[in-house]
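Accompanying notes for the structure given below.
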Amino acid sequence: MNMSPKVRPLWQRLPIMGGLAGLWAYKALGLPRSILPRDFKAICNNWDHETFAMILKSGVKRAYIDQPCYFETPKKIEPKADVSTEYRLSHDQLKSFYTNGFVGPFDAFSPGQMQNFREELLAIEETDSETYGFNTPRDRHFEMPRLWNYMKTPAITERIAQILGPDLLTWRSQIFFKPPHSPSIQWHQASTFLVEDYQDPAIFPADKSEMFQLTVWVAVDDTHHENGCMRFLPGTHNAIRPIRFGGDEGFYEADFTLEFSKEEEENAIEIPVKSGQFLIFAERCIHGSGPNTTDRHRLAFNMRVIPTDVAVYPNKKYYRSVYNGGKYHLDKWGVALLRGEDHHNLSRTIPPHELEREGVATEVLRPAA
Ligand SMILES: O=C(O)CCC(=O)C(=O)O
Ligand SMILES: [Fe+2]
């Protein structure tokens, strides 16, 4: 089913509503899912009652942007890993992360470490991904040891460990080449990344009300208001919101407007981040970035981090992204260990020696059966 979020004419919405109502009833009655076609099975498995109710009650004009889930600031705030003093988050920093949904900037890389990196990133932008066979800014760490080594730098991983625990994996990276004179990246949020195809989430936390994934966002260029630095709506990681289909802003290929309150919008905060610094945020916190009004690219990269007990793309051969187009085959993809040990072994994994050398991995470890 194509769930590309546009407002469709009524004659198209009516049969979609009929089909979804049928699937909702099928799920509610607990009928066998194994006999369903793949797409319908995925929807039955991964859409909860709230998801069905939202899209049906709105007449296919609104839907949750991702799997609904809720987060409450923990009563007791304490680090989940013991790290050396230089990387320790203060109680106020931890509290501010749990209250706002983001924290930083922190220093990670010296000007020397950033030197030429911009040029290397711009060069890789021109080439096709060896992992996926087409041009994409995703997961270039599989073929760029310098990027991988930066991703696992202790200034980053030691801080993340205090929020997610000692054993950490990354399952995706992305380079953000924000071209000169380009529009904003509109307000968005994500929980389990069902948002990509509206059928299967990418990640499967045991408990969605936990803090189960973080985004680390590293500025390669100085970022500021003029070139579109990151901005956030503090505290909005408390809940996944609905989108209204259609709208005037664009998020890649999509066409939607995320719903949030006037008060939340008034609290928006922009965070300038200098080259070599990074931010940590919950992808569940509503965020985006303003337009780049300058004559230069605004370069940054991010990575998505999970504890080792979260499975990624279990039993999946490929995924589709409605926003970026394309079909991403997963045969050369895997999670990579950033810190600690992976005792769970839930996902395909790229071993460290494959990430340390040039060129895409030829060895991918299989998850435990
Ligand atoms: O780089 C940007 O402007 C957006 C980044 C973003 O949305 C993310 O890292 O999740
Ligand atoms: Fe994002």
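The values are calculated or read from the model by the stated rules, or taken from the named source; none is laboratory data. All figures in this text were calculated on a predicted structure; none of them were measured in a lab. Backbone-built Cβ (ideal geometry, glycine too); neighbour counts: all protein chains shown.
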For residue 199, the lone unmet condition from (1) away from ligand 1 (no atom under 16 Å from the Cβ); (2) under 27 Å from residue 88 (Cα atoms); (3) among the polar types (S, T, N, Q) is (2)
Here the residues within segment 276-295 that are small (Gly, Ala, Ser), within 11 Å of ligand 1 (Cβ to nearest atom) and assigned to a loop (DSSP other than H, G, I, E, B) are 282, 290
ask   = Quick check: is even one residue across segment 317-335 closer than 30 Å to residue 100 by Cα, out of contact with any helix residue (DSSP H, G or I) (no Cβ under 7 Å at 6 or more places or on another chain) and away from ligand 2 (no atom under 15 Å from the Cβ)?
value = yes
If we ask which residues in segment 260-275 are within 21 Å of the chain's Cα centre (by Cα) and either away from ligand 2 (no atom under 16 Å from the Cβ) or without any contact (Cβ under 8 Å) to a residue 12 or more places away in the chain (or both), their number turns out to be 1
Among helices (runs of 4 or more DSSP H) entirely inside segment 28-123, those with 3 or more residues being within 29 Å of residue 165 (Cβ to Cβ) and touching a strand residue (DSSP E or B) at 6+ places or on another chain (Cβ under 8 Å) are 91-100
Condition (residue is at pLDDT below 95, charged (D, E, K, R) and out of contact with any helix residue (DSSP H, G or I) (no Cβ under 9 Å at 6 or more places or on another chain)) applied to segment 11-25: is it met by at least one residue? yes
If we keep only residues of segment 45-61 that are surrounded by 19 or more Cβ atoms within 10 Å (Cβ to Cβ) and not hydroxyl-bearing (Ser, Thr, Tyr), then the residue nearest to the chain's Cα centre (by Cα) is 47
Selection over segment 323-348 where residues are part of a loop (DSSP other than H, G, I, E, B), more than 16 Å from ligand 1 (Cβ to nearest atom) and more than 27 Å from residue 207 (Cβ to Cβ) yields a count of 4
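Let's see how each residue does on (1) in contact (Cβ under 8 Å) with a residue 60 or more places away in the chain; (2) surrounded by 16 or more Cβ atoms within 10 Å (Cβ to Cβ); (3) under 18 Å from the mean Cα position of the chain (by Cα):
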position: 121; (1), (2), (3): yes, yes, no
position: 127; (1), (2), (3): no, no, no
position: 131; (1), (2), (3): yes, yes, no
position: 135; (1), (2), (3): no, no, no
position: 139; (1), (2), (3): yes, yes, yes
position: 148; (1), (2), (3): yes, yes, yes
position: 160; (1), (2), (3): yes, yes, yes
position: 163; (1), (2), (3): yes, yes, yes
position: 167; (1), (2), (3): yes, yes, no
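Can you confirm whether segment 261-275 contains a residue that is in a strand (DSSP E or B), touching a Lys or Arg at 6+ places or on another chain (Cβ under 9 Å), within 14 Å of ligand 1 (Cβ to nearest atom) and modelled with pLDDT of 95 or more?
Keep residues of segment 261-275 that are in a strand (DSSP E or B), which gives 269-271, 273.
Cutting the leftovers down to touching a Lys or Arg at 6+ places or on another chain (Cβ under 9 Å) gives us 269-271.
Then keep just the ones that are within 14 Å of ligand 1 (Cβ to nearest atom); that gives 270-271.
Checking which are modelled with pLDDT of 95 or more leaves us with 270-271.
Yes, segment 261-275 contains at least one residue that is in a strand (DSSP E or B), touching a Lys or Arg at 6+ places or on another chain (Cβ under 9 Å), within 14 Å of ligand 1 (Cβ to nearest atom) and modelled with pLDDT of 95 or more.
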The one condition residue 256 fails out of (1) away from ligand 2 (no atom under 16 Å from the Cβ); (2) in contact (Cβ under 8 Å) with a residue 40 or more places away in the chain; (3) under 30 Å from residue 39 (Cβ atoms) is (1)
Here the qualifying pairs (Cβ atoms under 7 Å; residues six or more apart or on different chains; first in segment 212-240 and on the phi > 0 side of the Ramachandran plot and more than 9 Å from ligand 1 (Cβ to nearest atom); second in a loop (DSSP other than H, G, I, E, B) and of a type in the set (Gly, Ala, Ser)) come out as 235/101
